[in-house]
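Worksheet for the structure shown next.
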Amino acid sequence: MVMRTVMRLDDGTVSLTPLGPDDLEAHLAGEDEELVRWLSGGPADRDGLLDYLRACERMWIEGGPMHNFGVRCGPEAVLAGTMDVQFDQPYLPPGEVNLSYGLYPAWRGRGVATRAVVLACDYATALGAEAAVIRCEAANRRSAAVAERAGFEPLEPRLAEDGDLLDWYRRALIHQDRTPSAWT
């Protein structure tokens, strides 16, 4: 897969930019129990998070297969959460990507996650993906609602690699012969 240099994906309200070490403090400040429960599985420690953010930066330089974004809002592009576009996942057929996201408490319930998912779908489409998948625990109704608002269709629940039963949502991606207008 060829990596496309992306400075910013933007819909006028929400933007996605590559996640990296400069996001350390904002992520530590924004992380809460809900983000840990549904996304990371454990609270971040400074050193481990810095290693992860450096790995995100390397993946951007190397072209993936993980494309980790910071979800940003407002004129100051405040970090509101994260969005991952994950190519080449063993549980998906070729051409499908997994989307994974989480928002910090101050940004939930405002439509930010739905907008970020739509931008991530535009990005995945531009890189040749044919479909996007969102997987979440059945109890995570907020994540399921985001998937539904972003045009994903529910599929049958499936077992994850760790044995947890996850709800699956899928959205076909429409290819166009142009760069999405949201790219700047």
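For segment 137-155, the set of residues classified as surrounded by fewer than 21 Cβ atoms within 10 Å (Cβ to Cβ) and over 11 Å from residue 113 (Cβ atoms) consists of 137, 138, 139, 140, 141, 144, 148, 151, 153, 154, 155, listed by residue number.
Say whether the condition of being buried (at least 21 other Cβ atoms within 10 Å of the Cβ) and over 11 Å from the mean Cα position of the chain (by Cα) is met by at least one residue in segment 57-66. No, segment 57-66 contains no residue that is buried (at least 21 other Cβ atoms within 10 Å of the Cβ) and over 11 Å from the mean Cα position of the chain (by Cα).
The residues on offer are 110, 37, and the sole one that is out of contact with any strand residue (DSSP E or B) (no Cβ under 7 Å at 6 or more places or on another chain) and assigned to a loop (DSSP other than H, G, I, E, B) is 110.
The set of residues in segment 150-164 that are within 19 Å of the chain's Cα centre (by Cα) and either at pLDDT 90 or above or not in a loop (DSSP other than H, G, I, E, B) (or both) comprises 150, 151, 152, 153, 154. Among the residues of segment 169-184, those identified as more than 15 Å from the chain's Cα centre (by Cα) and either assigned to a loop (DSSP other than H, G, I, E, B) or modelled with pLDDT of 90 or more (or both) are 172, 173, 174, 175, 176, 177, 178, 179, 180, 181, 182, 184. If you check residue 30 against the conditions, is it loosely packed, with under 13 Cβ neighbours inside 10 Å and either in contact (Cβ under 8 Å) with a residue 24 or more places away in the chain or of a type in the set (Lys, Arg) (or both)? No: the conditions fail for residue 30. Suppose the filter is on the phi > 0 side of the Ramachandran plot, loosely packed, with under 15 Cβ neighbours inside 10 Å and not small (Gly, Ala, Ser); does residue 88 pass it? Judged against the criteria, residue 88 is a match.
Does residue 80 qualify as being in contact (Cβ under 8 Å) with a residue 40 or more places away in the chain and in a strand (DSSP E or B)? When the stated conditions are applied, residue 80 passes them.
Pairs are defined by a Cβ separation below 8 Å, a sequence spacing of at least 6 or placement on different chains, a first member in segment 127-140 that is hydroxyl-bearing (Ser, Thr, Tyr), and a second member that is modelled with pLDDT under 95 and not in a strand (DSSP E or B); no pair meets this definition.
The residue of segment 12-34 that is farthest from residue 82 (Cα to Cα), among those that are touching an Asp or Glu at 6+ places or on another chain (Cβ under 9 Å) and assigned to a loop (DSSP other than H, G, I, E, B), is 20. Are any residues in segment 126-138 at pLDDT below 95 and more than 16 Å from residue 166 (Cα to Cα), and if so, which ones? 126, 127, 128, listed by residue number. Filtered by the rule that a residue be out of contact with any Gly (no Cβ under 8 Å at 6 or more places or on another chain) and either β-branched (Val, Ile, Thr) or surrounded by fewer than 15 Cβ atoms within 10 Å (Cβ to Cβ) (or both), segment 91-117 gives 91, 93, 94, 97, 109, 110, 111, 114, 117. For first residues located in segment 42-65 and in contact (Cβ under 8 Å) with a residue 40 or more places away in the chain, partners that are part of a loop (DSSP other than H, G, I, E, B) and surrounded by fewer than 13 Cβ atoms within 10 Å (Cβ to Cβ) and lie 6+ apart or on another chain with Cβ distances below 8 Å form the pairs 63/1; 63/2; 64/1; 65/1.
When residue 42 is tested against (1) in contact with a helix residue (DSSP H, G or I) (Cβ under 7 Å, 6 or more places away or on another chain); (2) under 17 Å from residue 147 (Cβ atoms); (3) loosely packed, with under 15 Cβ neighbours inside 10 Å, exactly one condition is not met: (2).
The values are calculated or read from the model by the stated rules, or taken from the named source; none is laboratory data. Keep in mind the model is a prediction, meaning the values are calculated, not measured. Cβ atoms come from the backbone with ideal geometry, glycine included; neighbour counts cover every protein chain shown.
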